[in-house]
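Step one of this worksheet: look at the structure below.
Coordinate-derived values only; no laboratory data. Everything numeric in this text was worked out from a predicted model, so none of it was measured. FYI the Cβ positions are ideal-geometry reconstructions off the backbone, even for glycines, and counts take in every protein chain you see.
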Amino acid sequence: MSVSLSAAKELPPVQHVAKMIDHSLLRPELTTDEVRSGIDLALRYDVATVTVRPCDASLAVDRVKGSRVGVSAVVGFPHGDQMTETKAQESQRLVELGCDELDMVINISWLRSGRDADVVSDIEHVVRAGVPVKVILETGYLNDEEKVLGCRLSEQAGATFVKTATGFGPGGATMEDLRLMWASVGPTVQVKAAGGVRDLDKLLAMAAIGVTRFGCTATAAILDDLRLRKERGE
């Protein structure tokens with residue numbers, strides 16, 4: 001689902017913003033009960049997807065069944081340095097389990113080493129699983145030239161989104177990086193901001209420059225803030 005707020009002149013509907021959010025449940029210490037609670041929160045707020053670790057994919061698919069919330073699972077997380085064959089097998093299995101989208105980490109070393117063909121092949125093997133793929137660049141490790149190249153190679157490989165960060169590397173989503181990424185891809189590729197998107201004002205500012213999806217852990221705070229502001233007539 002693609003939603004844009006770039007032309008908005010007033011606060012958008014809560015549900016409109018909710019469908020731009022992937023509620024993130026990726027911290028390694030999360031218990032199964034905490035994952036269940038997180039999925040239930042995603043269902044209450046009717047977000048775009050709940051983003052889960054591969055080990056939680058079956059749980060998430062079962063729990064969102066019958067709702068309008070999808071499941072996105074991470075691939076090659078969090079460093080992107082798994083073998084291409086491993087990423088391909090993981091992707092195929094996640095789709096077989098019922099995942100609707102995949103968030104894969106680019107091979108950062110290959111990108112920085114100028115191994116463009118290997119980077120493209122790595123992404124293509126995940127894209128072949130047959131669902132939308134968001135390629136995580138982990139921008140905190142890259143200079144601007146590498147960020148642009150990562151975007152272009154991701155587009156060449158058939159990615160649906162380019163995404164800033166895992167949330168586990170250095171830095172996170174910045175306005176400068178998002179503008180650069182948006183300018184580096186064609187109209188068929190969207191931009192996802194992840195890493196430090198924790199408040200409504202930041203989300204709306206990023207949406208205004210063309211970002212269409214957000215990876216968030218502060219989903220409830222963001223959407224509750226929007227609902228309260230609209231009730232006040234702001």
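For this structure, a couple of remarks:
- Fully extending the segment from Arg36 to Asp199 would add 56.3 nm, taking 0.36 nm per residue of separation and subtracting the current Cα-Cα distance.
- The protection proxy used here, the mean number of other Cβ atoms lying within 10 Å of each residue, ranks peptides 216-226, 176-186 as follows, highest first: 216-226, 176-186.
- Straightening the chain between Asp144 and Asp118 buys 7.3 nm, computed as 0.36 nm per residue apart minus the Cα-Cα spacing.
- Cβ charges +1 (Lys, Arg) and -1 (Asp, Glu), total dipole of the chain, debye: 560
- Legend: calculated FRET efficiency, Arg44 to Met175, from the Cβ-Cβ distance at R0 = 25 Å, rounded to 0.05, equals 0.25.
- If you wrap the tightest convex hull around every Cα atom of the chain and split its volume per residue, you get 107 Å³.
- Ranking of His125, His79, His23 by count of other Cβ atoms within 10 Å, fewest first: His79, His125, His23
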